[in-house]
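Only one structure is covered here, and it is reproduced in the block below.
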Amino acid sequence: MKKIIIIIGHFIVIFVILIAVGLIPEDVEASRSDIFTGELERNVKIKVLENDIARELGYLDELLNAFNEEYKEYGIEAVDADMSESSDLIQDGPYGYGPDVLYQANDSIMKYVDGRHILPIPVTEIEDYEDIQEGAWDAYSKNNSIWGVPVNVQEPLLFYRKDLLPDDWQQNWDKDKNNVPDMIEYWPDLYAYSKELYDDNNPDSFGFMKSYEQPYFSLGYLFSYGGYIFGDDNTNIDDIGISAGNSYLGANVVLQQAAIMDERCIDGSITSIAYQQLAEGNFFATATTPDVTNMFIEAIEGEGLDPDECLGVTTMPKLPVSGDLTDRDGEVFDSISMGGVHGYAISAYTESPNACLAFINFATQYEMLKTRNELLGVVPARTSLAEELRGINMEVIKDLQEGKIYIMPSNSELTSVWGAVTTLFTDLAADPYRVAGSSNPPKYLTMEAIKARVEQANQEIIDTLTTLG
């Protein structure tokens, strides 16, 4: 009998190891959804990892308090995992330090699928699951299973000071007479207006300002002109398409944008000060995701101003077909932005899967998502709520439906892309500040040189994947 127990113990250890390294077949792995029995675990504590902004602006506390009141009769308590949103479940989960429920972007969550670090979600157990955008569910689909529950849709938006528009914009900055200022509708016009501010006598006055150390916000320019990350709808990692099509035209857009900023665009400096600088009127516009809307509102209120009168938010402007931001008279087209879907997932290491599922159901219900929108400004993935909220919420959902949002690939190989494209964009952004005749002259004075640099980044990604593979 003792030998049998030892053999069974050894088998369990081996099975756990195989799960951790991703060697359990998909059909065996998929059966793990059977652990969702619908019977709540009693008197348990579940650790919830939320994003840092939700914690900072008080949403997490409101969510936890509301859930704990609802489920106190079962002895279920949800607590802050007290970890950074960038915490890695692969490192923390097997040792019991990780969260039971985690809220992250789809690319962060989906990297855990290959190692079986998260559980497949029983979708039909999610209340009103049909109200969630189909494109949002797609971001969490892999191996014939769903691995996360969508909460909100992200794409870069243009945040600008509508009260700082020029007084004559209706006469001189509305060429199509649609009552929308050209500088928030067309990139060539935003570039022209930014250059006016750059060339004025005020050294603190800028138009569009954005840091390039976060490639998430810049890859869309490449996608708009034909680039992509992985082929076959991001399923073929042997096909790298950063340099595909005329993506180098998007790289030229980045270079031209950087020329009407200052050297802070090369690193993360602009990102850290954008809220306050926009509030003070030093920046006319910047680009970031909707989940930080309230950071702008707080900064504007801190200046004694009314956000309703000052803050404008819209989708990103149309791009010139030529790829030249000085081309104000040429044809334009709708840009494509890199985007993502934030959602909840359940750790494979949790001892309370049913309580975790109950928490996700609670956190994604209509009223809770409405509160999340009010406190954080996020765009809900629920169609009915987005329709009720209207405005930018429906614009983002419409972009998702029309394919104008390039959802981050849901595979672990994406981590091999970030290094090369970060270096690409910061290198391009630095070029306007290199001095001719110096030891560090400009490198990208021709389209051929820009194209070669994008192709170099593409090859770097291939080399990285080959080395890791």
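For the range 426-444, which residues satisfy the criterion of being of a type in the set (A, V, I, L, M) and surrounded by 13 or more Cβ atoms within 10 Å (Cβ to Cβ)?
Within the range 426-444, L428, A429, A430 meet the criteria.
Pick from the range 183-203 the residues that are without any contact (Cβ under 8 Å) to a residue 12 or more places away in the chain and acidic (D, E): which of them is nearest to F284 (Cα to Cα)?
E196
Out of V321, V313, I need the residue that is open to solvent by 10 Å² or more (accessible area, probe 1.4 Å), farther than 19 Å from Q104 by Cα, modelled with pLDDT of 95 or more and in contact with a Leu (Cβ under 7 Å, 6 or more places away or on another chain). Which one?
Answer to the check: V313.
So which helices (runs of 4 or more DSSP H) stay within the range 268-355 end to end and still have 1 or more residues that are polar (S, T, N, Q) and in contact (Cβ under 8 Å) with a residue 24 or more places away in the chain?
Because the criterion is at least 1 residues that are polar (S, T, N, Q) and in contact (Cβ under 8 Å) with a residue 24 or more places away in the chain, the helices (runs of 4 or more DSSP H) in the range 268-355 that meet it are 269-280, 293-302.
So for the range 151-163 (the condition being among the hydroxyl-bearing types (S, T, Y), within 30 Å of V341 (Cβ to Cβ), in a helix (DSSP H, G or I) and within 23 Å of the chain's Cα centre (by Cα)), does at least one residue qualify?
no
Tally up the residues in the range 404-425 that are in contact (Cβ under 8 Å) with a residue 60 or more places away in the chain and either open to solvent by 30 Å² or more (accessible area, probe 1.4 Å) or among the basic types (K, R) (or both), please.
Looking only at that region, the number is 8.
Only residues that are over 19 Å from the mean Cα position of the chain (by Cα) and open to solvent by less than 10 Å² (accessible area, probe 1.4 Å): list them for the range 365-403, please.
L385 - this is the single residue of the range 365-403 that is over 19 Å from the mean Cα position of the chain (by Cα) and open to solvent by less than 10 Å² (accessible area, probe 1.4 Å).
For L190, indicate whether it is in a helix (DSSP H, G or I), in contact with a Phe, Trp or Tyr (Cβ under 9 Å, 6 or more places away or on another chain) and within 30 Å of H342 (Cα to Cα). Lay out the reasoning, then the answer.
Numbers: in a helix (DSSP H, G or I): yes; in contact with a Phe, Trp or Tyr (Cβ under 9 Å, 6 or more places away or on another chain): yes; within 30 Å of H342 (Cα to Cα): yes.
Taking the combined requirement at face value, the residue satisfies it.
Of S243, S211, S194, which residue is of a type in the set (S, T, Y), more than 21 Å from G403 (Cα to Cα) and touching a helix residue (DSSP H, G or I) at 6+ places or on another chain (Cβ under 6 Å)?
Every option except S211 fails the conditions.
The values are calculated or read from the model by the stated rules, or taken from the named source; none is laboratory data. Given the structure is predicted, the values throughout are model-derived calculations rather than measurements. Here the Cβ is made from the backbone with ideal geometry for all residues, glycine too, and neighbour counts use every protein chain on show. Side chains included, ligands, DNA and RNA excluded: accessible areas come from the protein's heavy atoms. Shrake-Rupley method; radii C 1.70, N 1.55, O 1.52, S 1.80 Å.
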